[in-house]
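I have placed the structure first, in the form of structure tokens, so that the comments after it can refer back to it.
Derivation of every value follows stated rules applied to the coordinates shown; laboratory data play no part. Because the structure is a prediction, the values reported are computed rather than measured. Every residue, glycine as well, gets a Cβ built from its backbone with ideal geometry; the counts of neighbours run over all protein chains shown.
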Amino acid sequence: MAKKLTHLDSQGRLRMVDVGAKKQTQRLARVRGEITMKPETVRLIAANKVAKGNVLEAARLAGIMAAKRTGELIPLCHCLNLTAVDIDFSVGEDRVEVEVQACIADRTGVEMEALVGASVALLTIYDMCKAVDRGMVISQVRLVEKRGGRSGTYLRSEGS
């Protein structure tokens, strides 16, 4: 038997899920993504020589701001009072990887906030570097860890 779609009402209309009866718990989501580029572009970022300024700090700020506004961007997503958003970067030879961790004590998870934060951080890197490298590719944006709530802990295995 097919699972009932709880986000639709009896007339097939979308609705926001009511989380009012759920217990508040500590929740965490970690997301990773990457942007591949020419090695020369990575060198410019690492040396802070991109014309628009400090790429990674701009991407960090943009990602945090985006995570905080997720409820305004994604239909039916709850507006959450995040307790923390941390964004870190790993600079490789031909790529920059971003990792976003979002935390909250609430009735619903923060996966969407972490996903939006990572996506906007990567888009900011693209925007700041597009004058020197239009061939950049954003990819592999994925949930790697989720903790808290009724469903417990999720950890992505390295092979998936």
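Summary table below
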item: Extension gain, residue 24 back to residue 74 (0.36 nm per residue minus Cα-Cα distance, nm); result: 15.8 nm
item: Selection of trypsin sites (Lys or Arg not before Pro), region 98-160, meeting DSSP coil and at most 12 other Cβ within 10 Å; result: 134, 150
item: Sites matching GluC sites (Glu not before Pro) across region 56-106 that sit in DSSP coil, with at most 13 neighbouring C-beta atoms within 10 Å; result: 93
item: ³J(HN,Hα) computed for each position of region 64-78 - Karplus, 6.51 cos²θ - 1.76 cosθ + 1.60, integer Hz, glycine/proline x; result: 5, 4, 5, 4, 5, 10, 4, x, 7, 9, 9, x, 6, 7, 5
item: Which label in [x] 158; [y] 147; [z] 178 gives the computed volume of the Cα convex hull per residue in Å³; result: [y]
